[in-house]
Amino acid sequence: MMLKNEVKKMGIFQLELQDVSFSYDNSKLILHEINMVIESQDFVLITGQNGAGKSTLLRLISGILKPKSGTVKINGRSIYRQKDYFKMIGFVMQYAEDSFCCDTVFDEIAFASRNFGLDRIEERVQNAARIMGIDQEAFSKSPYDLSNGEMRRLAIASVIAHDPFLLVLDEPFVGLDKAGKQFLRKVLENWKKNNRATVVVSHQLKYLTDLANKIFNLQSGRLSKVDSV
C-alpha cells in the first residue's frame, strides 16, 4: 500500500526530524542537530531572525533538501524512500509566484494534481479555488495578471488541491493587506480543524500564536522550543 493511502486509512501522520544538520558547501553548517516532531492537527510556528536558516529548514521538511547528517522520517520511515512523500505535503515558498509555470490560473491550481496522476482534477481545482476565495472568472487568466494577494492565494490553492496532510508555508503574509491576512488566518484555522498539520515561518506573529500548539525559535542554526512569543 502506498504510504499516503496508509496514512489516510490509519489516520496517523507523524513527521520527525532527528539530529538533522545541514550545510550548502559541506563546511559551514547552516542547521545544527535539529529535532522536531510534527503530527496531525499540529500547528507549528517557527520564528527567528533573517538568515537563521528558517527557509532551509522548511526545504528539509519538504524533502527538497537532504540533510548532511541526521534523518527525516514519516511514520518511522525515511521520507527519501517514500515515492509518494511529495503527495503528502504542500510547500509554498516565500515568493511562490516565482515558481508559477502554467499559462492559466486553472492549470496552475491543477498542476501538482496532474503531475501526481490524480483523478477528479476539475473537482480538485474547484474545491481549492473555493477555499482560497478564487473566483472561477479568473480561471482563464494568466497567474501574472493577478494582484499580489491573489497570487499568494493561487500559490496556496495549487498545493492544497492534491489534499496534502502537511501544509508548509514560508512567510505567507508578506505583501498582504489587513483583509488578506485575516482571510488567510481563517483558512489556516479551518485547515487545522480538518485534522491537517501546518508548519509556518512568519514574522506576523499576532495572526498565528493562538493557533500554534508548538512554537520554535531558530537562532544561529539551532532550534529551541519556546512556550510563547
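The values are calculated or read from the model by the stated rules, or taken from the named source; none is laboratory data. Here the structure is a predicted model, which is why all the values come from computation and not from measurement. Every residue, glycine among them, receives a Cβ derived from its backbone with ideal geometry; neighbour counts consider all protein chains shown. Remember, those area values only see protein heavy atoms, side chains included, never the ligands or the DNA or RNA. Shrake-Rupley method; radii C 1.70, N 1.55, O 1.52, S 1.80 Å.
The set of residues from the stretch 132-143 being touching a Lys or Arg at 6+ places or on another chain (Cβ under 9 Å) and surrounded by 17 or more Cβ atoms within 10 Å (Cβ to Cβ) comprises Met132, Ile134.
Among the residues of the stretch 35-64, the ones that are among the aliphatic types (A, V, I, L, M), surrounded by fewer than 18 Cβ atoms within 10 Å (Cβ to Cβ) and in a loop (DSSP other than H, G, I, E, B) come to 1 in all. Checked against the criterion of being under 26 Å from Ala112 (Cβ atoms), touching a Lys or Arg at 6+ places or on another chain (Cβ under 8 Å) and either at pLDDT 90 or above or exposed (fewer than 13 other Cβ atoms within 10 Å of the Cβ) (or both), the candidates Leu176, Leu167 yield just one match: Leu167.
Would you mind stating whether Thr198 is within 22 Å of Leu15 (Cα to Cα), modelled with pLDDT of 95 or more, of a type outside the set (D, E, K, R) and not in a helix (DSSP H, G or I)? Here the answer is yes, as Thr198 does meet what is asked. Scanning the stretch 82-110 for residues that are surrounded by 19 or more Cβ atoms within 10 Å (Cβ to Cβ) and in a helix (DSSP H, G or I) turns up Tyr85, Phe86, Lys87, Met88, Ala96, Val105, Phe106, Glu108, Ile109, Ala110. The condition of being in contact with a Ser or Thr (Cβ under 7 Å, 6 or more places away or on another chain) and touching a residue at least 60 places away in the same chain (Cβ under 8 Å) holds for only one of Ala197, Ala212, that being Ala197.
Residues that are free of Cβ contacts under 8 Å to residues at least 40 places away in the same chain and farther than 14 Å from Ala96 by Cα within the stretch 151-169 comprise just one, Asp163. Working carefully through the options Leu205, Leu188, Leu218, Leu211, find the one that is open to solvent by 40 Å² or more (accessible area, probe 1.4 Å), among the aliphatic types (A, V, I, L, M) and either in contact with a Leu (Cβ under 8 Å, 6 or more places away or on another chain) or closer than 16 Å to Asp42 by Cα (or both). On inspection, the qualifying residue turns out to be Leu205.
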